[in-house]
1. The stretch 489-525 to the stretch 329-371: how many Å between their Cα centroids?
2. Once amide H atoms are built 1.01 Å from N in the peptide plane, which residues 5 or more positions from ASN286, or in another chain, come under 5 Å H to H?
3. Would you please give the FRET efficiency between PHE455 and ASN299, computed as 1/(1 + (r/R0)^6) with r the Cβ-Cβ distance and R0 = 41 Å, to the nearest 0.05?
4. Which of the aspartates and glutamates could a cross-linker span from LYS448 if the Cα-Cα distance has to be under 12 Å and same-chain partners fewer than 8 positions apart are dropped?
5. Report ³J(HN,Hα) in whole Hz for each residue of the stretch 367-383, in order, from the Karplus equation J = 6.51 cos²θ - 1.76 cosθ + 1.60 where θ = phi - 60°; Gly and Pro get x.
6. When averaged across all projection directions, what area in nm² does the alpha-carbon convex hull of the stretch 195-248 cover?
7. Evaluate E = 1/(1 + (r/R0)^6) for ILE165 and LYS84, where r is the Cβ-Cβ distance and R0 equals 25 Å; express this FRET efficiency to the nearest 0.05.
8. Once both labels are modelled 7 Å past Cα along the beta-carbon direction, what's the ILE355-VAL519 spacing in nm?
Amino acid sequence: MKFIPNRIIIYLITIFINASVFADNQNIESNHTTSFHPSIESAAVNSNTTSTSISKFNNPSKPNKQNNATSNVAVKKSSVESSKVININSAYITPNNFLQDPYNGLAMGGGRQRVSNYESNNFMANGTWNAMGGSIFNYANRQSGKIGFPVFAYGANLFGQTGYIAGFSAGGLATIANPFFADKINPSSQAQNINFIPANQEVTLSEAYLEYQHRNIIQVDTGLIGINNSPWLSNNYYKDDIAPGANYQGIMVNVYPGSGWLLTGTFFNASQLIGNSGFTPYTFYNTSVDSSSGLFTTNNGTASNNTIAVGSNYTTWDNRYNLRLWGYQFENYGNMLYSDTNIKFEPTQNLSFNISAQGGIEGQTGSSAFTNTGYGNISSNFAGLQLGMNYQWFSLNLGFNNIWGPENAYGNGAISTPYTYGFATDPLYTTPYISGLNDLNTAGKAYKISPTLTFMDGNLTFSPAWTTFRTTISQWDYTNEYDFITTYSVPQIRGLSFFGVYANQRVPVEKNNAAITRVFASYIY
């Protein structure tokens, strides 16, 4: 398997130009342009669901750190509006969608903040801003509680974006964590960044970008950006942490040519990963990113100087069937082809079933960070299946994954995933809260059972989960992880929410046992 960067870029540009022209012609011929401009509080995506996060809906359900990449907001609709079906891909590119906003689609105090003409003197008319502040406590222990690492962090994020002038807009996201007394709060020498929580002082510009949008057909974001619709790249928001998950220095192009297709292409040459300040070519595999994770020391031989990702997303008009196809070229970390699909059945208004499948292959051309450090070549195959059921306040997912490859390959065929490793944010159906197969550096099989119980009009959720592993590396074989996750959105104070988790990973070798307790309180305005 070989990806040639120049050909990919040329091919991508050709597709986007042709798709844009085709979509324009279709709109001219029909004399109709999609006028649906979803806000974070008014997006209906099918006849039975009147709430969704438009900026996140192309991310599949994440059964790991976030459980879902979206946060549904209940919306009151008239009977006429609620019966209207909106294809989610057709609504992805809209002037008021603000795809770079990490908090798009979440409940906010005061709703989305608009910038008036008076405030902006017409420069930021129709722009937006919002802020998130909070505090988090995390206690991680290993060796059955013999070694503990408490971390406390507090901080805030401020997002803003101008209105559009001739199709152009600009925006940014500032992140501040532990601005005062960081060394007093977390005095441990190992507390520079533990479990992907900023334990030290962090003051950084997470996003700074220029955006161009042409109707609902094409959108280009370039600069320091978030990428939230690519399955093997961590997002810029997770509801269990105070800092953005990951941001990237590069360009992203989204095109909607019509008929339910969304095309995406991205290129970046540096990233800023959670809890770190500054954009670098290093990945989640580098030990400098997080003191509790990492596989390689930080040096030029383990850096990744560029990543190219090209994807297509198809959704039927009624949003009941979805197909995604993605290709990745991670410089120094392999080349991947990936696909997943999902189909939904709704026998009644209250009962639905989902069947999902995924699969991919990964390899390398030339050397890689793994061969440079003696871990072997990248050569992996993987597949997965998930069955889901939803009935009113109860849902249940059953997941299975299988990863295999040559015995002399990295991890006996493990997947190289430089922008989710250790963070447990890959799209595999069986990745739990602490560590999945990819985070354990091994091939093998995994099984996961994850029910969710929802109460108080969706404001309170309980999500226990059990995951078991059968790995090709004996150190992790018969590992079990038990997760207990709860979230609560305070209905009386819109924007105020609480997240709590207790996760326990039991390993055959006792000294490798791990447990995490985390509590996070946040407010979004």
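1. 26
2. Here the answer is LEU295, PHE296, since their amide H atoms fall under 5 Å of that of ASN286.
3. Between PHE455 and ASN299 the formula returns 0.25.
4. Filter leaves GLU481, ASP483.
5. 8, 8, 4, 6, 5, 5, 10, x, 8, x, 6, 8, 7, 9, 10, 8, 8
6. Result: a mean projected hull area of 5.0 nm².
7. 0.20
8. Modelled inter-label distance: 4.5 nm.
Here, each number is a calculation from the coordinates, and none is a lab measurement. Worth saying up front: this structure is predicted, and the values here are computed from it rather than measured. Every residue, glycine among them, receives a Cβ derived from its backbone with ideal geometry; neighbour counts consider all protein chains shown.
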